[in-house]
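Everything below concerns the one structure shown next.
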Amino acid sequence: MIAFEVNDMSCGHCVSSITQAVKSADKDAMVSIDLARHRVEIEPRGASAQALSDAIKDAGYTPVPV
């Protein structure tokens, strides 16, 4: 599992945008997001942690590895 803290994620739209970004990098990844804790957990199926981080950054957010 790969986890990121994304402190600039603040609403349901953010959750949707980040989920779509992760799926664009790894369509079969399992994504779990805890909005209250600003935590994104990903079970990748092929993408690297760097690729997933880059996808979240490209969506306009600031992921910090946990």
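Readers should treat all values here as calculations from the given coordinates under stated rules, not as data from a laboratory. In this text the structure is predicted, and so the values were computed from the model without any measurement. Here the Cβ is made from the backbone with ideal geometry for all residues, glycine too, and neighbour counts use every protein chain on show.
In this calculation the C-beta distance from Asp54 to Asp34 is compared with R0 = 25 Å, giving a FRET efficiency of 0.70. Scaled against 2.2 N^0.38 Å for its residue count N, the alpha carbon radius of gyration of segment 2-65 is 0.94.
Using Cβ point charges alone (K and R +1, D and E -1), the dipole size of segment 2-65 about the Cα centre works out to roughly 80 debye.
Distance between the 7 Å Cα→Cβ label points at Glu43 and Val66: 1.7 nm.
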